[in-house]
Amino acid sequence: MPAPTRRKLLAALAPATALMALPACTLVPVPAAARVGPDSFAPLVKRVLPSVVNIAITETVGGRDPLAMLPPELQRQFRNRFRGRPQEMTGAGSGFVIEPDGTIVTASHVVSNATSITVGLSNGTTLPARLIGADELTDVAVIKVDPPNPLPAVGWGDSRALEVGDWVIAAGNPFGLGGSVSAGIVSARGRDLGAGPFDDFIQIDAPINPGNSGGPLFNAEGQVVGVNAAIYSPSGGSVGIGFAIPSELVSRIVAELRGKGRISRGWLGVSLQDVPGQNMPGAGSVVIAGLDRTGPAARSGLRPGDIVTAVNGETVDSARGLIRVVAATPPGNAVRLRLRRQQQSLDITVTVGTRPKIEEN
């Protein structure tokens with residue numbers, strides 16, 4: 001992709017006679033210069049690309065639908081290879097080094113079911129890797145290699161500071177070709193793709209292709225602000241719409257995976273629905289549609305039909321928001337729910353349980 005060229009700023013000059021006619025105290029406002037892209041991304045790429053790695057995996061599957069275990073962008077490649085019998089398949093993805101000791105972040109769907117993982121470094125070295133931990137709900141994983149020498153690492157940036165229109169660079173291993181980069185801008189924030197309750201994707205127009213999954217999304221300072229996770233494509237290749245998991249979420253998941261190897265999330269044992277209608281009583285709230293009879297909410301006295309309006313004093317206006325607050329609460333801790341039950345307002349304290357592990361079909 002050609003490097004973006006700097007846009008020229010043209011200053012409109014007034015005739016000299018008009019300037020002389022102005023009173024001496026008059027101030028002529030000068031418009032602020034707009035932020036423009038760099039003449040070249042080469043210096044930034046040269047600095048960060050050595051921290052980007054290629055990931056190759058093998059996996060033995062059988063007795064179940066193998067397509068369910070594949071990264072979405074690889075499903076087409078393997079669609080005709082499986083007939084319900086055990087066999088080995090291969091896949092490729094990307095990742096990036098966050099610690100010189102060989103700690104690497106990638107996407108869960110790239111490595112979580114691998115029987116072997118091999119990491120290719122930018123200098124051509126290949127090393128075996130082991131899985132430290134993976135979280136399917138956010139599609140984040142941590143793997144580890146044991147390098148003979150410290151590896152170049154990259155640091156986290158603040159994805160919350162990204163604005164629509166900001167420059168970003170996606171790096172990875174598209175189509176297994178090796179380290180590649182593409183540039184574009186943030187085209188939207190907070191995208192919900194229906195993949196899970198924690199969807200909060202950054203939408204970008206930097207091309208992402210099969211094999212880019214797990215690779216880093218850099219801001220203009222060379223900090224990781226996202227992990228490339230998905231594309232929208234009817235053809236299987238990039239059509240200009242990609243999605244990245246924001247670093248605000250990834251960095252927290254990575255810290256917990258490195259510390260414990262797993263993610264423990266809070267759970268109430270309820271099914272929820274948003275209260276419909278902007279002008280109805282209770283609009284912008286969440287109704288409890290059902291209860292797990294042995295779950296924390298049922299044991300604390302919640303009932304179907306209760307409307308939750310706040311958690312720990314903070315207003316909640318969607319089921320998604322309530323799930324996130326509860327999930328972020330360590331199991332064993334308590335949350336205070338403000339409810340509306342018929343004509344009554346109630347405060348009920350619930351001791352949060354542990355979210356059950358997702359069972360594979």
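The values are calculated or read from the model by the stated rules, or taken from the named source; none is laboratory data. Treat the numbers as computed from the prediction; the structure is a model and nothing was measured. Cβ placement follows ideal geometry from the backbone for every residue including glycine, while neighbour counts extend to all protein chains displayed.
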Based on what the data block shows, is Ile185 under 28 Å from Pro43 (Cα atoms) and of a type in the set (Val, Ile, Thr)?
yes
Among the residues of the stretch 145-159, are any without any contact (Cβ under 8 Å) to a residue 24 or more places away in the chain and on the phi > 0 side of the Ramachandran plot?
no
Only residues that are among the polar types (S, T, N, Q), surrounded by 14 or more Cβ atoms within 10 Å (Cβ to Cβ), more than 26 Å from Arg191 (Cα to Cα) and in contact with a Gly (Cβ under 9 Å, 6 or more places away or on another chain): list them for the stretch 296-339, please.
none
Residues of the stretch 321-346 classified as touching a residue at least 60 places away in the same chain (Cβ under 8 Å), more than 14 Å from Pro296 (Cβ to Cβ) and either part of a strand (DSSP E or B) or basic (Lys, Arg) (or both), total:
1
Tell me, please, whether a residue that is in a strand (DSSP E or B), under 15 Å from the mean Cα position of the chain (by Cα) and without any contact (Cβ under 8 Å) to a residue 40 or more places away in the chain can be found in the stretch 167-186.
yes
Residue satisfying all of: in the stretch 309-334; within 15 Å of Ser285 (Cα to Cα) and of a type in the set (S, T, N, Q); modelled with the lowest pLDDT among these:
Ser318
Ala153 is checked against (1) in contact with a helix residue (DSSP H, G or I) (Cβ under 6 Å, 6 or more places away or on another chain); (2) surrounded by 20 or more Cβ atoms within 10 Å (Cβ to Cβ); (3) assigned to a loop (DSSP other than H, G, I, E, B); (4) at pLDDT 85 or above and fails just one. What number does that condition carry?
(2)
Please specify each residue of the stretch 127-144 satisfying the condition of being touching a residue at least 24 places away in the same chain (Cβ under 8 Å) and part of a strand (DSSP E or B).
Leu127, Ala129, Ile132, Gly133, Ala134, Asp135, Val140, Ala141, Val142, Ile143, Lys144
Can you tell me how many residues within the stretch 303-361 are over 30 Å from Asn113 (Cβ atoms) and of a type in the set (Asp, Glu)?
4
Considering only strands (runs of 3 or more DSSP E) wholly within the stretch 207-308, the ones with at least 1 residues that are assigned by TED's automatic domain parsing to the domain that holds Arg320 and at pLDDT below 80 are none
